[in-house]
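What follows is a set of notes on a single structure, which appears directly below.
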Amino acid sequence: MDHWPLRDLVLCTPRLELRPDDDEGLDELVEEAYLGVHPPDEMPFLVPWTEADPRYLGRGMLQYHWAERARLAPENWSVHFLVRLDGRVVGMQSLHGVDFGVTRHVGSGSWVGLRHQGRGIGTEMRAAVLLFAFDHLGATRARSSAFADNAASQGVSRKLGYRRDGTETVVRRGVATEDVRLVLDPDTFVRPSWTLAVDGVEGCLGLLGSA
Ligand SMILES: CC(C)(COP(=O)(O)OP(=O)(O)OC[C@H]1O[C@@H](n2cnc3c(N)ncnc32)[C@H](O)[C@@H]1OP(=O)(O)O)[C@@H](O)C(=O)NCCC(=O)NCCS
């Protein structure tokens, strides 16, 4: 019996390879984060993890991902896919599910290293996990959210067919800010022209509450 089947899961798009996080890849992800995730005068994240003391940003990132792995369970999981371009980690695409076996709903979150942004990578990696969720896990709805002023994230969602599902006012750097909820169903998903290659999914279905 394979006790951690996520090790064998791999999603491939024309340019990218997505694999659940492993320690070696996390080291590369940390390096990418130190090179910049967003301009310093912006804050795209609800949890402002990029504002950490630079001495501890890397340790904090490792501990966060280890904690996420440690608490993963079929009824509440987050899979953090390391996104590789030409064999190097360039960002992170997360997919999560709460009571997925009952709801069949997933959510997502992501970031791409600043130096790699604006080349369609964010769209390609989100499309990859949506194809995985809808076509391989049997998801019936995908949710996301982004600040109203996050043009790139809103752009990715718009291109893939998400619709707005209300807003919430949250506090960002002490200022009231609009967070936009987004929702996507399989029949409104604007599918990419390419096909996703998926390997290793069979062994993961039980762990993700999808069996
Ligand atoms: C959001 C993010 C993952 C998108 O990835 P990306 O690779 O930069 O996005 P893409 O290149 O696929 O662009 C997606 C669309 O948004 C548009 N877009 C990107 N940046 C934009 C900007 N600054 N202003 C306006 N539109 C923008 C693009 O034009 C593109 O649409 P198009 O192909 O029709 O031109 C990435 O920008 C990022 O990591 N940002 C910092 C962290 C973050 O915001 N994470 C999400 C938190 S909710």
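The values are calculated or read from the model by the stated rules, or taken from the named source; none is laboratory data. The structure presented is a predicted model; accordingly, all values stated were derived computationally and were not measured. When we count neighbours, we look across all protein chains shown, and the Cβ atoms used for this are built from the backbone with ideal geometry, even at glycine.
Just to be sure I understand, how many residues within region 150-184 are away from the ligand (no atom under 13 Å from the Cβ), in contact (Cβ under 8 Å) with a residue 40 or more places away in the chain and farther than 22 Å from ILE121 by Cα?
Looking only at that region, the number is 1.
Suppose we filter VAL102, VAL30 for residues that are among the β-branched types (Val, Ile, Thr) and surrounded by 13 or more Cβ atoms within 10 Å (Cβ to Cβ); which single one remains? Write out each step before concluding.
Working: VAL102 fails: surrounded by 13 or more Cβ atoms within 10 Å (Cβ to Cβ).
Of the residues listed, the single one that is among the β-branched types (Val, Ile, Thr) and surrounded by 13 or more Cβ atoms within 10 Å (Cβ to Cβ) is VAL30.
For VAL79, state whether it is more than 16 Å from the ligand (Cβ to nearest atom), in contact (Cβ under 8 Å) with a residue 40 or more places away in the chain, outside any loop (DSSP other than H, G, I, E, B) and surrounded by 16 or more Cβ atoms within 10 Å (Cβ to Cβ). Quick ask: steps written out before the conclusion?
Working: more than 16 Å from the ligand (Cβ to nearest atom): yes; in contact (Cβ under 8 Å) with a residue 40 or more places away in the chain: yes; outside any loop (DSSP other than H, G, I, E, B): yes; surrounded by 16 or more Cβ atoms within 10 Å (Cβ to Cβ): yes.
Considered against the rule, which asks whether it is more than 16 Å from the ligand (Cβ to nearest atom), in contact (Cβ under 8 Å) with a residue 40 or more places away in the chain, outside any loop (DSSP other than H, G, I, E, B) and surrounded by 16 or more Cβ atoms within 10 Å (Cβ to Cβ), VAL79 comes out as yes.
Return the only residue of SER108, SER94 being under 22 Å from VAL180 (Cα atoms), surrounded by fewer than 20 Cβ atoms within 10 Å (Cβ to Cβ) and more than 7 Å from the ligand (Cβ to nearest atom).
Every option except SER94 fails the conditions.
Are there any pairs with C-beta distances below 9 angstrom linking a residue in region 88-109 that is in contact (Cβ under 8 Å) with a residue 12 or more places away in the chain to a residue that is basic (Lys, Arg) and in a helix (DSSP H, G or I), with the two at least 6 apart or on different chains, and if so which?
Close Cβ pairs (under 9 Å, with a partner that is basic (Lys, Arg) and in a helix (DSSP H, G or I)) amount to VAL90/ARG115; GLN93/ARG126; SER108/ARG126.
Filtering region 111-129 down to residues that are in a helix (DSSP H, G or I), within 8 Å of the ligand (Cβ to nearest atom) and out of contact with any strand residue (DSSP E or B) (no Cβ under 8 Å at 6 or more places or on another chain), which residue is nearest to VAL156 (Cα to Cα)?
First, pick out the residues of region 111-129 that are in a helix (DSSP H, G or I): 114-116, 121-129.
From what is left, the residues that are within 8 Å of the ligand (Cβ to nearest atom) are 114, 116, 121-126.
From what's left, out of contact with any strand residue (DSSP E or B) (no Cβ under 8 Å at 6 or more places or on another chain): 114, 123.
On the way: LEU114: 15, THR123: 5 Å.
So the residue we want is THR123.
Can you pull out every residue in region 176-208 that is assigned to a loop (DSSP other than H, G, I, E, B), among the small types (Gly, Ala, Ser) and either touching an Asp or Glu at 6+ places or on another chain (Cβ under 6 Å) or closer than 14 Å to ASP2 by Cβ (or both)?
Start the filter on region 176-208 by keeping residues that are assigned to a loop (DSSP other than H, G, I, E, B), which leaves 185-196, 200-201, 205-208.
Next, from what is left, pick out any that are among the small types (Gly, Ala, Ser): 193, 200, 206.
Residues satisfying the conditions are GLY200, GLY206.
For every residue, the table says whether it meets (1) in contact with a Phe, Trp or Tyr (Cβ under 7 Å, 6 or more places away or on another chain); (2) charged (D, E, K, R); (3) at pLDDT 95 or above.
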residue	(1), (2), (3)
ALA146	no, no, yes
ASN150	no, no, yes
ARG163	no, yes, yes
ASP179	yes, yes, yes
SER193	no, no, yes
LEU205	no, no, yes
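Residue by residue through region 20-58, note down the ones that are among the small types (Gly, Ala, Ser) and assigned to a helix (DSSP H, G or I).
Initially, region 20-58 is screened for residues among the small types (Gly, Ala, Ser), giving 25, 33, 36, 52, 58.
GLY25, ALA33, GLY58, listed by residue number.
GLU42 is checked against (1) acidic (Asp, Glu); (2) under 18 Å from the mean Cα position of the chain (by Cα); (3) surrounded by 11 or more Cβ atoms within 10 Å (Cβ to Cβ) and fails just one. What number does that condition carry?
(2)
Could you tell me whether any residue of region 130-144 is within 14 Å of the ligand (Cβ to nearest atom) and either surrounded by fewer than 21 Cβ atoms within 10 Å (Cβ to Cβ) or modelled with pLDDT under 95 (or both)?
Yes, that holds for at least one residue.
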